[in-house]
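Some notes on the structure that comes next.
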Amino acid sequence: MLRIQKEHRVDFPRSKNLTGECKDLIYRMLQPDVNRRLHIHKILSHSWLQPPEPKAMSSASFKREGEGKYQAEYELDTRPGSRPDHRPEHKLGAKT
């Protein structure tokens with residue numbers, strides 16, 4: 001087992017269907033050379049751990065409402081405080 005680790009051989013089970021990005025992250029985290037192994041900031045910024053980019057909405061994701069009008073299939077909650085990052089009372093430089 002130690003020889004395999006030193007050779008940096010990582011075998012991924014075929015039954016798990018891991019993405020290439022996931023395999024890359026695991027492989028780089030298991031790097032036996034401490035100087036080449038990923039540090040935590042590189043791990044956290046790895047593409048596999050990033051949220052997916054929003055996809056453009058197609059016209060199929062809208063429902064027809066009346067003549068020439070479209071309405072989204074979901075409603076956006078716009079009430080103050082409905083989003084964690086929405087704080088209208090926050091002023092730049094104010095103490096929180």
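The values are calculated or read from the model by the stated rules, or taken from the named source; none is laboratory data. Since the model is a prediction, treat every value here as computed from it, not as a measurement. Please note that ligands, DNA and RNA were not included when accessible areas were found on the heavy atoms of the full protein model with its side chains. Shrake-Rupley method; radii C 1.70, N 1.55, O 1.52, S 1.80 Å.
Using θ = phi - 60° in the Karplus curve 6.51 cos²θ - 1.76 cosθ + 1.60, the 3J(HN,Hα) couplings for the stretch 13-20 round to x, 5, 6, 8, 6, 7, 6, x Hz; x is entered for Gly and Pro.
Rolling a 1.4 Å probe over the protein heavy atoms leaves R37 with an accessible area of roughly 90 Å².
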